[in-house]
1. Confirm whether ASP204 is at pLDDT 95 or above, more than 15 Å from the ligand (Cβ to nearest atom) and acidic (Asp, Glu).
2. For segment 327-348, indicate whether the set of residues that are of a type in the set (S, T, N, Q), open to solvent by 10 Å² or more (accessible area, probe 1.4 Å), over 27 Å from GLY266 (Cβ atoms) and assigned to a helix (DSSP H, G or I) is non-empty.
3. Taking segment 261-292 as the search range and keeping residues that are within 16 Å of the ligand (Cβ to nearest atom) and assigned to a loop (DSSP other than H, G, I, E, B), which one is most open to solvent (accessible area, probe 1.4 Å)?
4. Which of the numbered conditions does ALA129 fail, given that it passes all the others? Conditions: (1) at pLDDT 95 or above; (2) more than 16 Å from the ligand (Cβ to nearest atom); (3) small (Gly, Ala, Ser).
5. Hey, does segment 362-371 have a residue that's open to solvent by 10 Å² or more (accessible area, probe 1.4 Å) and on the phi > 0 side of the Ramachandran plot?
6. Which pairs have Cβ atoms under 7 Å, sit 6 or more apart or on different chains, and link a residue in segment 435-450 that is more than 14 Å from ASN385 (Cα to Cα) to one that is open to solvent by 20 Å² or more (accessible area, probe 1.4 Å)?
7. Could you tell me which numbered condition HIS86 fails, if it satisfies all but one of (1) within 16 Å of the ligand (Cβ to nearest atom); (2) open to solvent by 10 Å² or more (accessible area, probe 1.4 Å)?
8. Scan the strands (runs of 3 or more DSSP E) fully inside segment 105-215 and keep the ones with 1 or more residues being under 27 Å from THR324 (Cβ atoms) and open to solvent by less than 20 Å² (accessible area, probe 1.4 Å).
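The values are calculated or read from the model by the stated rules, or taken from the named source; none is laboratory data. Because the structure is predicted, anything quoted here is derived from the model rather than measured. Cβ placement follows ideal geometry from the backbone for every residue including glycine, while neighbour counts extend to all protein chains displayed. In case anyone asks, the SASA skips ligands and DNA or RNA and just uses the protein heavy atoms, side chains included. Shrake-Rupley method; radii C 1.70, N 1.55, O 1.52, S 1.80 Å.
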Amino acid sequence: MLDKQSLKILIEALERLDGGFAELPEFVPRAPQATRIPQVLSAVADRLQDNYPYFHPLYAGQMLKPPHPVARLAYSLAQWINPNNHALDGGRATSAMEREAVAALAAMFGWKEHLGHLSGGGTMANLEALWVAGRLAPGPRILASEQAHYTHGRVSAVLQLPFSSVPCDARGRMDMAKLREELARGDVGTVVATMGTTATGSIDPLAEMLELQDRFGFRLHADAAYGGYFGLAGNLTAQARQAFDLLCRVDSIVIDPHKHGLQPYGCGCVLFRDPDVRRLYKHDSPFTYFSSRELHLGEISLECSRAGAAAASLWATQELLPLTRGGEFACGLEECRAAALDFYNRLSGDARFVTAFPPELDIVVFLVRAASVSEASELSRKVFNAAARRSLHLAIAELPVKFFAANLGAMRPDRPTLACLRSVLMKPEHLEWLPRIWDLLGESVRECGVA
Ligand SMILES: Cc1ncc(COP(=O)(O)O)c(C=O)c1O
């Protein structure tokens with residue numbers, strides 16, 4: 001099942017790469033203990049079997065899937081060189097590729113000008129965005145919704161900036177009345193809008209947040225780590241479409257190519273609308289920036305060494321699958337969303353299940369109906385295990401009962417939160433596999449005594 005065909009392409013590309021260094025004197029790199037490599041690699045393969053099958057459509061749990069083959073190949077190819085994108089003498093080609101790939105991401109959000117770079121992931125990218133915000137914002141306090149990723153609270157603590165969570169409405173979006181109350185206290189400098197929450201894929205009401213920004217003058221940062229690419233999809237709700245169309249007006253954006261951008265882990269991205277924020281990064285390094293007066297990526301990022309391979313991989317993927325509406329990449333996102341809507345419709349039309357609000361992206365959360373939410377929470381764990389025994393891998397999330405309140409019927413809401421089943425349908429193949437997923441879920445709930 002795992003793709004092996006593409007390795008042939010890697011060998012051809014390696015030959016070509018090698019050709020670029022033909023002027024060097026012949027040299028055979030040392031590979032100590034090389035004879036043991038096959039044995040050790042077999043041991044790695046054995047160890048790696050202890051994983052859920054993230055590559056398979058029956059893995060429909062968390063935000064996990066392997067990269068696109070072209071990303072894997074470009075990343076591997078770059079590792080024969082192992083460029084470091086900190087400074088140009090460590091990675092000239094991949095620094096250029098990073099700048100092009102990041103510019104394409106900025107253009108996807110409608111920015112012709114920007115400052116941005118890749119990072120280790122969404123956490124590092126958000127850290128930089130909040131670090132910059134902390135230095136430019138009119139007040140110290142940072143706000144994010146209670147469904148925002150926990151990274152915002154932690155990063156604020158690292159930056160020693162006060163942080164508060166703003167409650168959410170029944171759809172997992174930041175509650176605008178509560179936001180107004182917080183803003184009225186007069187000490188808020190930055191508000192984080194989440195464009196696709198981790199648990200449910202909910203999108204904060206950006207239009208209202210921008211209106212409040214006009215009135216209160218805070219800095220607006222969008223955490224689009226998960227949802228950012230969905231602006232390319234043609235099958236969003238009207239509210240989500242509006243939010244993505246307005247995204248160009250925020251001050252900074254984080255998007256994670258290692259989530260929906262088909263990249264291996266180690267690829268986040270931070271973008272600033274005002275290129276002039278580069279002045280905040282200004283520092284000198286006596287041993288690095290000597291090879292050129294051109295900008296070195298290390299001069300505009302907090303991390304020092306970073307994998308040039310990540311840039312090669314992202315650049316290659318965007319060459320193959322440009323970030324355009326109606327293109328192949330966008331169609332893949334549309335299929336993920338269609339899969340989520342199909343799943344949601346099946347669940348909400350079946351009396352055995354209780355759904356929350358309709359998905360805004362490709363994440364579906366649901367319960368198996370029981371007498372109370374406590375019992376339903378226990379059932380979630382049982383169904384999770386019964387499904388796993390059938391190779392259908394779901395996830396579990398602890399969420400506020402209010403997300404399900406409209407559909408609870410006679411169920412007793414005996415706790416403020418519940419453990420529900422959660423499915424991230426982030427592979428386009430999930431759409432054609434939904435009938436199978438549905439059958440396996442049906443068998444799993446029957447095993448748990450639900451008729
Ligand atoms: C909305 C959001 N922001 C930030 C993060 C953190 O990103 P990372 O895990 O790449 O550090 C995540 C991770 O799931 C996320 O969903």
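1. Details: at pLDDT 95 or above: yes; more than 15 Å from the ligand (Cβ to nearest atom): no; acidic (Asp, Glu): yes.
Criteria not met by ASP204.
2. yes
3. Across segment 261-292, the extreme among qualifying residues is TYR265.
4. ALA129 satisfies all of (1) at pLDDT 95 or above; (2) more than 16 Å from the ligand (Cβ to nearest atom); (3) small (Gly, Ala, Ser) except (2).
5. no
6. TRP438/ARG346; VAL450/ARG352
7. (1)
8. 115-119, 188-194
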